[in-house]
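The values are calculated or read from the model by the stated rules, or taken from the named source; none is laboratory data. What you see is a predicted model; the values in this text were computed from it and never measured. Neighbour counts are summed over all protein chains in view; Cβ atoms, including those assigned to glycine, are modelled from backbone coordinates with ideal geometry.
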Amino acid sequence: MEEREQDLRLMLRCAQLFYRENLSQVTIARRLGLSESKVSRLLKAANGRIVQVQIKAPYLHQLELELMERFQLQDAIVVMVGDELYTKELLGEAAARYFERTVRDGAKVTICGGSTLYELVDALTPEPKKLEVYALSMWIPEAMHSSYTIAGIMCAKYRPKAIAHGLQIPLPIMPKTTGETATLLDVPVIRDIYEATLNVDFTYISIGNLSLNSGLALYAEYSQIDLDSVRKVAVGSINYQVFDDEGNIIPYDWYKKTIAIPAERLREMAAHPTKRVVAVAGGRDKIKSIRAAIKGKFFDTLITDEIVARNLIEKSSET
């Protein structure tokens, strides 16, 4: 079994170097320490198997089953990683195929922001599909992968049947007090969209770490939040709310000034028999954040990579 996985991983790495980086078979052979004939055979075997229009990383079903059993998840998708440089792209591709397989015609969907979820909508197959897509986001000029933008791209893929319900609230003029937030929610169009996001059929979320290039870091800059002090107690974030290593939401006053799906509502939807909360996240730098988010029960489905999956399973065995 391990030998088969190693061959698949090597096949994937050769395909990425050949099709993504446009390296010759001679260069690939030298870089990987293989014979040219071995590289040729691997690329030939890759055609039609893992190479189509995009590189399709094999799923690791045993890891998926272990994640579901150990963490009481409804579903899990684990992708093989040939080169970690392509982790987000592979996760986006896997999440797109999962979305197309599970989201029925007529469903209501909320999709949050983040570069991995951007890869998801980018990988969707364009086709007419009747959906209602909701986005309610604080907009940051530097944040190219906002919920608002991602929801718009999704609807463009499924036009003319898909309908987008989006609302941008620019951070420079976002609510600065709890009272201002309450006033905004008194506006019918804002209130209606906000309440709708709390009752959709499918919610797609990302899990953030607290790095300098994270969405929360940009939000903190505009909102004058001392992120260094937050990092002393928190390990990750979901929807501008931070949690500790046990998945407990750490209370901060800025939540009252933020229009976003509350973490507690995510828990409720994840536990609901007819709703689905799907987390799409991976990479070594997010292992700690994802582990804590699982403990927090913020989602019932996880789409991640093999490095994260193996670490989660190994750490859970140690406790």
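Sort through 297, 315, 286 and tell me the only one that's in contact with a Gly (Cβ under 9 Å, 6 or more places away or on another chain), of a type in the set (Lys, Arg) and under 30 Å from residue 5 (Cα atoms). Before you say what the answer is, go through the steps one by one.
On the way: 297 fails: under 30 Å from residue 5 (Cα atoms); 315 fails: in contact with a Gly (Cβ under 9 Å, 6 or more places away or on another chain).
The match here is 286.
When the stretch 279-294 is examined, which residues are found to be exposed (fewer than 15 other Cβ atoms within 10 Å of the Cβ) and either of a type in the set (Lys, Arg) or assigned to a loop (DSSP other than H, G, I, E, B) (or both)?
Step one: list which residues in the stretch 279-294 are exposed (fewer than 15 other Cβ atoms within 10 Å of the Cβ), which gives 284-285.
Once the filter is applied, which keeps residues that are exposed (fewer than 15 other Cβ atoms within 10 Å of the Cβ) and either of a type in the set (Lys, Arg) or assigned to a loop (DSSP other than H, G, I, E, B) (or both), the stretch 279-294 yields only 284.
Looking at 72, 62, 6, can you tell me which residue is exposed (fewer than 14 other Cβ atoms within 10 Å of the Cβ), not small (Gly, Ala, Ser) and not assigned by TED's automatic domain parsing to the domain that holds residue 287? Steps first, please.
Working: 72 fails: not assigned by TED's automatic domain parsing to the domain that holds residue 287; 62 fails: not assigned by TED's automatic domain parsing to the domain that holds residue 287.
Just one listed residue meets the conditions, 6.
Against the condition surrounded by 17 or more Cβ atoms within 10 Å (Cβ to Cβ), part of a helix (DSSP H, G or I), at pLDDT below 95 and of a type in the set (A, V, I, L, M), how does residue 67 come out, does it pass? Outline the logic, then answer.
Details: surrounded by 17 or more Cβ atoms within 10 Å (Cβ to Cβ): yes; part of a helix (DSSP H, G or I): yes; at pLDDT below 95: no; of a type in the set (A, V, I, L, M): yes.
It is false that residue 67 is surrounded by 17 or more Cβ atoms within 10 Å (Cβ to Cβ), part of a helix (DSSP H, G or I), at pLDDT below 95 and of a type in the set (A, V, I, L, M).
So, residue 137, is that one assigned by TED's automatic domain parsing to the domain that holds residue 276 and modelled with pLDDT under 85 or not? Walk me through how you get there before you give the answer.
Details: assigned by TED's automatic domain parsing to the domain that holds residue 276: yes; modelled with pLDDT under 85: yes.
So residue 137 fits the description; yes.
Can you confirm whether residue 78 is farther than 30 Å from residue 194 by Cβ, buried (at least 17 other Cβ atoms within 10 Å of the Cβ), of a type in the set (Val, Ile, Thr) and at pLDDT 95 or above?
On the way: farther than 30 Å from residue 194 by Cβ: yes; buried (at least 17 other Cβ atoms within 10 Å of the Cβ): yes; of a type in the set (Val, Ile, Thr): yes; at pLDDT 95 or above: yes.
The answer is yes for residue 78.
Taking into account only those residues within the stretch 89-110 that are of a type in the set (Val, Ile, Thr) and farther than 25 Å from residue 58 by Cα, which is modelled with the lowest pLDDT?
Once the filter is applied, the top-ranked residue is 110.
Quick check on my filter: what residues within the stretch 86-116 are of a type in the set (A, V, I, L, M, F, W, C) and either in contact (Cβ under 8 Å) with a residue 40 or more places away in the chain or part of a loop (DSSP other than H, G, I, E, B) (or both)? Quick ask: steps written out before the conclusion?
First, the residues of the stretch 86-116 that are of a type in the set (A, V, I, L, M, F, W, C): 90-91, 94-96, 99, 103, 107, 109, 111-112.
Listed by number, the residues that qualify are 90, 91, 94, 95, 99, 103, 107, 109, 111, 112.
Condition first: modelled with pLDDT of 80 or more, surrounded by 14 or more Cβ atoms within 10 Å (Cβ to Cβ) and of a type in the set (S, T, N, Q). Now tell me which residues in the stretch 212-247 satisfy that.
214, 237, 239, 241, listed by residue number.
Hey, among 166, 208, which residue is in contact with a strand residue (DSSP E or B) (Cβ under 8 Å, 6 or more places away or on another chain), at pLDDT 80 or above and not basic (Lys, Arg)?
On the way: 166 fails: at pLDDT 80 or above.
One residue alone meets the criteria, 208.
Any residue at all in the stretch 298-305 that's in the same structural domain as residue 83 (by TED's automatic domain parsing), buried (at least 18 other Cβ atoms within 10 Å of the Cβ) and assigned to a helix (DSSP H, G or I)? Don't jump to the end; show me each part of the working.
Of all residues in the stretch 298-305, those in the same structural domain as residue 83 (by TED's automatic domain parsing) come to 298-305.
Next cut, buried (at least 18 other Cβ atoms within 10 Å of the Cβ) only: 298-305.
From what's left, assigned to a helix (DSSP H, G or I): none.
Scanning the stretch 298-305 turns up no residue that is in the same structural domain as residue 83 (by TED's automatic domain parsing), buried (at least 18 other Cβ atoms within 10 Å of the Cβ) and assigned to a helix (DSSP H, G or I).
Of the conditions (1) loosely packed, with under 14 Cβ neighbours inside 10 Å; (2) at pLDDT 90 or above; (3) not in a helix (DSSP H, G or I), residue 127 fails just one. Which one is it?
Among (1) loosely packed, with under 14 Cβ neighbours inside 10 Å; (2) at pLDDT 90 or above; (3) not in a helix (DSSP H, G or I), residue 127 violates only (2).
If the Cβ limit is 8 Å and pairs must be 6+ apart or interchain, which residue in the stretch 1-27 that is within 12 Å of residue 44 (Cα to Cα) pairs with which residue that is at pLDDT below 95 and charged (D, E, K, R)?
11/49; 25/36
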